[in-house]
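For reference, the structure discussed in these notes is given below.
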Amino acid sequence: MMDSTAASSAELFDRACEVMPGGNTRTTVWHAPHPIYAASGQGCRIKDVDGKTYLDFINNYTSMIHGHANPVVAEAVRKQLEIGTCFAMPTESEIELAELLCKRSPGFERVRFTNSGSEAVMMALKAARAHTGKPKIAKCEGAYHGSYDFAEVSLDSAPESWGNADPNSVAYTSGTPRSVLDEVIVIPFNRVEETENILAAHADDLACVLIDPMPNRAGLIPATPEYLEMLRRFTTNNDMLLVFDEVISFRLGHGGAQGEFNVSPDLTALAKIIGGGFPIGAVAGTAEVMKVFDPRQGKPLAPHGGTFNANPISMVAGKAAMELLTPEEFDRINGLGGRARGGLTKAIADAGVEGQITGAGSLLRIHMTSVPLVDYRSARATATQSAALSSVIDKMHANGVLLAETGLCAISTAMGETEIDEFIDIFADALASTGQPRHAAE
């Protein structure tokens with residue numbers, strides 16, 4: 001993802017290396033030999049510091065659902081800036097955003113705010129332990145849930161480490177204590193029988209099952225109805241909680257992924273789109289489970305503080321952004337998502353190359369393989385597939401389209417059919433110009 005004309009970005013990176021490790025403070029934005037630095041954004045376009053403009057299909061890793069500098073969100077923030085940005089007191093703005101969220105899902109009876117998706121997941125897991133009195137969690141192999149030690153276990157396990165049908169608990173960060181790995185039970189995504197057997201073997205110690213119903217890092221493959229039904233039934237019957245990570249997938253519909261999949265978890269971790277482009281996270285759940293945070297009778301079972309929790313800037317931005325996401329607007333951008341997935345699929349077929357598109361709603365992910373994808377192991381790219389995808393992404397970047405290095409793409413409300421068709425055309429040109437391997441002759 002490197003432009004030879006990016007002289008200003010190169011200069012900024014040299015400066016960054018003098019004050020940040022590797023010139024970086026966010027691993028996901030690193031690109032060799034240096035990242036391209038943004039200067040401004042407007043709608044669905046970003047301009048870099050060297051003056052090049054891009055059609056933005058990353059949208060800050062799915063968080064900018066309205067694109068950049070949305071005027072309604074910007075006006076709400078401007079008004080709040082003039083009267084204060086944070087206080088050692090609650091404000092009405094946190095009540096208003098919580099009320100809005102509680103109307104989006106019947107399972108959202110109470111909401112508690114954090115400052116990131118990672119923190120939201122962490123507090124959801126702590127709440128599950130506090131409510132059940134049990135120490136262990138279960139999570140799906142290959143799924144990303146932020147940077148909490150327990151949540152990142154087996155995020156990027158490889159064939160040499162992942163074990164058999166009963167996945168190993170594999171450290172993601174060097175130095176992860178063995179005790180952390182011992183408290184995390186790893187289950188295979190979308191494998192009903194294997195998962196139920198694993199959960200049954202550990203039921204007495206499991207506080208919860210943590211799942212993203214369409215995990216990006218595990219391939220952006222939707223969970224099957226059978227898998228989710230089994231998890232809901234098993235957790236209910238075995239005194240454990242079902243925890244949804246909808247930090248990304250809440251954008252699938254007006255009621256989030258749980259509304260689209262018709263499943264009611266006990267707790268849900270939220271972030272990204274609910275903050276209108278500002279730092280935010282939230283835990284939402286039933287009143288009974290969320291009582292672990294209630295301080296009215298003394299020290300709660302799960303104490304939780306934070307200097308910037310529910311800060312008014314994120315609250316008013318989030319409320320403004322979420323109010324714009326009407327059912328009709330979700331229908332529109334989800335339709336654009338379908339148009340994009342269909343167009344990319346046709347481009348792959350027309351080019352006669354290996355590839356497929358996964359996703360739902362306003363999300364999609366490009367894979368350079370035609371093997372059926374059902375879980376992390378089937379979706380994990382080989383070296384050849386990774387090289388092929390990188391080649392396509394580099395070509396698209398050179399032609400003015402931004403997408404994640406994994407092939408993840410997110411549509412914003414600032415887009416219409418014109419931008420979707422532009423994206424499809426540039427993808428088709430990239431396939432044609434990068435010499436991707438074609439299907440073997442039949």
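Coordinate-derived values only; no laboratory data. Not measured: the values here are computed from a predicted model. Please note: Cβ atoms are built from the backbone with ideal geometry, for glycine as well, and neighbour counts cover all protein chains shown.
Ordered by the number of other Cβ atoms lying within 10 Å of each residue's own Cβ, fewest first, ASP394, ASP166 fall into the sequence ASP166, ASP394.
Taking a ≥ b ≥ c as the square roots of the eigenvalues of the alpha-carbon gyration tensor, segment 160-227 is classed oblate because a/c is 1.5 or more while a/b is no larger than b/c.
Going by a ≥ b ≥ c, the root eigenvalues of the Cα gyration tensor, does segment 71-324 fall in the rounded group (a/c under 1.5), the prolate group (a/b larger than b/c) or the oblate group? Prolate shape, in that a/c is at least 1.5 and a/b is the bigger ratio.
Computed from the coordinates I sent, Cα extents along the principal axes in Å equals one of (1) 64, 49, 41; (2) 64, 59, 48; (3) 73, 69, 58. Tell me the label. Identified label for the calculated read-out: (2). In terms of surrounding Cβ atoms within a 10 Å radius of their Cβ, LYS136, LYS319, LYS346 rank from fewest to most as LYS346, LYS136, LYS319. Each of ALA432, ALA39, GLY51 was scored by the projection of its Cα onto the charge dipole of the chain, and the greatest displacement toward the positive side belongs to ALA39; charges sit on the C-beta of Lys, Arg, Asp and Glu.
With point charges of +1 on the Cβ of Lys and Arg and -1 on the Cβ of Asp and Glu, referenced to the Cα centre of the chain, which listed residue (ILE221, SER116, ALA414) lies farthest in the positive direction of the dipole? Farthest towards the positive pole: SER116.
Sorted largest first, the principal axis extents computed over the alpha-carbon atoms of segment 1-54 equal 32, 21, 17 Å. Taking a ≥ b ≥ c as the square roots of the Cα gyration tensor eigenvalues, with a/c under 1.5 meaning rounded and otherwise prolate when a/b beats b/c, else oblate, which class fits segment 81-126? Oblate. Here segment 71-324 carries DSSP beta bridges of which approximately 40% are antiparallel, counting only pairs with both residues inside. Counted by neighbouring Cβ atoms within 10 Å, the residues LYS134, LYS139 run from fewest to most as LYS134, LYS139.
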